[in-house]
Amino acid sequence: MPWGCAVDPWTLAGLLLAVLASQALEVDAYCFVERVVDGDTFWCRVEKLLDTSLGLREGESYRVRLADINAPELRPEPEPGALEATRALSSLTLGEAVALDIDDVGVTDRYGRLVAVVIAYHNETHGVNVNKLLVAQGLAKVWEHDNEWILEETPLYIPWEELEKSPAREPASSMPGITQLLAAFVAASLLAIALISMILKRRRIAG
Ligand SMILES: [Ca+2]
Ligand SMILES: [Ca+2]
């Protein structure tokens, strides 16, 4: 291979484009889940606040609505699947500390609930994206809203190491992050290298 690397640039560019397409999660707060309301809502007490721009206070309890999903209603009468979804959310979060990626765009919904992707303990190395897991288990449906995420593009399992490193982001900005710009630049360069080398190869064959 003329550029002397083990992986060809097409593959590398593809990998980089995949990274660009997936959305990283961040931790804005850690909270302790006190009560599960239904399959997509719970109350939790903020234990540690990392993004102070959100206007929350440590020690206060907030109602949290899981972003971009909808579970069957539990009240006034349980809809089919409501009990299962509530139980699943309870077993993942109730009485546990969870990490919240709170929506930088709107923070709360029109009912004043914090909109968040909830990351619960999966194992020593990884947390699990509860919103996505409930959908994967067929207990809730995707219900996309205009917020920080496209649920489908968020990871299901996230290394703790990566989450702990993620700084709480600046308030919502339409500018892509520097890492994404850099990755886009590298991906574009690799594609260009691959194209040029393909053209040169064809010329050599033709010659
Ligand atoms: Ca956030
Ligand atoms: Ca969304």
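The values are calculated or read from the model by the stated rules, or taken from the named source; none is laboratory data. Since the structure is predicted, the reported quantities are computational estimates derived from the model, not experimental observations. Heads up, the Cβs are rebuilt from the backbone with ideal geometry, glycines too, and the neighbour counts pull from every protein chain shown.
Summary of computed values
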item: First in the stretch 26-44 and modelled with pLDDT of 95 or more and of a type in the set (Asp, Glu), second anywhere and surrounded by fewer than 21 Cβ atoms within 10 Å (Cβ to Cβ) and assigned to a strand (DSSP E or B), Cβ under 6 Å, 6 or more apart; result: 34/43; 34/45
item: Spans of strands (runs of 3 or more DSSP E) in the stretch 98-160 with at least 1 residues more than 20 Å from residue 87 (Cα to Cα) and more than 13 Å from ligand 1 (Cβ to nearest atom); result: 126-129, 157-159
item: When residues of the stretch 164-187 are limited to those that are surrounded by 13 or more Cβ atoms within 10 Å (Cβ to Cβ) and part of a helix (DSSP H, G or I), the one modelled with the highest pLDDT; result: 187
item: Residue match in the stretch 116-135 (condition: surrounded by fewer than 17 Cβ atoms within 10 Å (Cβ to Cβ), in contact with an Asp or Glu (Cβ under 8 Å, 6 or more places away or on another chain) and farther than 19 Å from residue 158 by Cβ); result: no
item: Count - residues of the stretch 44-60 that are surrounded by fewer than 13 Cβ atoms within 10 Å (Cβ to Cβ) and part of a loop (DSSP other than H, G, I, E, B); result: 4
item: Yes/no for residue 63 being of a type in the set (Lys, Arg) and outside any strand (DSSP E or B); result: no
item: Scan of the stretch 112-146 for residues that are within 11 Å of residue 40 (Cβ to Cβ) and not hydrophobic (A, V, I, L, M, F, W, C), ordered by number; result: 113, 131, 141
item: Test result for residue 73, surrounded by 14 or more Cβ atoms within 10 Å (Cβ to Cβ) and either modelled with pLDDT of 95 or more or under 20 Å from residue 28 (Cβ atoms) (or both); result: yes
item: Residue 84 vs. criteria out of contact with any Leu (no Cβ under 8 Å at 6 or more places or on another chain) and of a type in the set (D, E, K, R); result: no
item: Residue 107 vs. criteria of a type in the set (A, V, I, L, M) and either exposed (fewer than 15 other Cβ atoms within 10 Å of the Cβ) or within 18 Å of residue 155 (Cβ to Cβ) (or both); result: no
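Conditions tested, residue by residue: (1) in contact with a strand residue (DSSP E or B) (Cβ under 6 Å, 6 or more places away or on another chain); (2) free of Cβ contacts under 8 Å to residues at least 12 places away in the same chain; (3) not assigned by TED's automatic domain parsing to the domain that holds residue 99.
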residue: 47; (1), (2), (3): yes, no, no
residue: 51; (1), (2), (3): no, no, no
residue: 70; (1), (2), (3): yes, no, no
residue: 74; (1), (2), (3): yes, no, no
residue: 77; (1), (2), (3): no, yes, no
